[in-house]
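Undergrad: This is the structure I have questions about; it appears just below.
Rule-based calculations on the coordinates, nothing more; no lab input. Remember, predicted model here, so these are calculated numbers, not experimental data. Cβ placement follows ideal geometry from the backbone for every residue including glycine, while neighbour counts extend to all protein chains displayed.
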Amino acid sequence: MSRADEVRTGLEQVRRRIAAACTAAGRDPDEVSLVVVTKFFPAADVRILADLGVTDVGENRHQEAEAKAAECADLGLVWHFIGGLQSNKAAAVARYAHVVESVDRPKLVGPLSRGATEAGHEVEVLLQVSLDPPGAVNRSGAAPDSLADLADAVAAADGLRLRGLMAVAPLGEDPATAFARLARVRSEFLQVHPEATALSAGMSGDLEHAIAHGATHVRVGSAVLGPRPAVK
Ligand SMILES: *Cc1c(COP(=O)(O)O)cnc(C)c1O
């Protein structure tokens, strides 16, 4: 089987899963966008995905993302940055990323705004909310009670547009429980920011649960592209 056939098969399976999850949840499949996570996979795979009609791709490491976005600039894709962000890299990320999903602290807002403004484009921002219990180690994402201030900072920044929330289900917890909690955080958030309707949640292993709890974007890597190479 050629790589293109392999990727086509993976993509068809994931699209079917998304459609079935939408049916089960009584939602219109057009409400859910697929972001294919291409981290660790080569630019050649990104080209295959674009040929198969994928419009949105996600990356989690700045150097790899920057190089791949440049190599694939002719494809007209929407690049999502979904990884942990260092404040000294944030301006550079905002130059090539169209959507930054992992904004979790106010310190990132200034450099993101500067990068977006310098690049002459608007960057869509999702706030990453932590679903870990308070005090957990290696917590990634903002605590739910810090979202309001973070959202205000993004909304006030030039070059940035607040689009919604992003989350990752914690390891070791039933994703249905975690995403139910996320849905409650989101509904409170929407009362203050009704325009920020995006909810990025769900990966290869749990996209059905995320769709059941209102995800508008699922970020899927291995179920489309196969197992990632271990190290790079
Ligand atoms: C890698 C990654 C994904 C995709 O994970 P899969 O299990 O391969 O679908 C989704 N979201 C984030 C934040 C990631 O880092």
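Undergrad: Listed highest first by mean packing, meaning other Cβ atoms within 10 Å per residue, what order do 194-203, 70-79, 9-18 come in?
TA: Answer by packing, highest mean first, reads 194-203, 9-18, 70-79.
Undergrad: Further, regarding this structure: How do 132, 51 rank when sorted from fewest to most other Cβ atoms within 10 Å of their own Cβ?
TA: 51, 132
Undergrad: Given the -39500 (n - 2.57) contribution per DSSP H run of 4+ residues, what per-residue ellipticity at 222 nm results for the chain, rounded to the nearest 500 deg cm²/dmol?
TA: Taking each H run of at least 4 residues, the total per residue is -13500 deg cm²/dmol.
Undergrad: Let me ask something else. Would you mind ranking 165, 112, 147 by Cβ crowding within 10 Å, fewest neighbours first?
TA: 147, 112, 165
Undergrad: While we're looking at this one, here's another question. Please state, as a whole number in µm²/s, the translational diffusion coefficient that the Stokes-Einstein equation yields for the stretch 3-225 at 10 °C and 1.306 mPa s, with Rh defined as the Kirkwood radius across alpha carbon pairs.
TA: Details: Rh = 17.5 Å.
Value of D from the Cα-based Kirkwood radius: 91 µm²/s.
Undergrad: Once the Cβ-Cβ distance between residue 105 and residue 222 is put in as r, and R0 is 25 Å, what FRET efficiency do you end up with, to the nearest 0.05?
TA: 0.30
Undergrad: Relative contact order for the chain: what percent, with Cα pairs under 8 Å and sequence separation of 6 or more?
TA: On the way: 421 pairs, mean separation 49.1, N = 232.
About 21 percent, as a whole number.
Undergrad: State the Cα centre-to-centre distance between the stretch 123-179 and the stretch 31-101 in whole Å.
TA: With the stretch 123-179 and the stretch 31-101 each reduced to a Cα centre, they are spaced 20 Å.
Undergrad: Using 7 Å Cα-to-Cβ label points, what is the residue 156/residue 44 separation (nm, one decimal)?
TA: 5.0 nm
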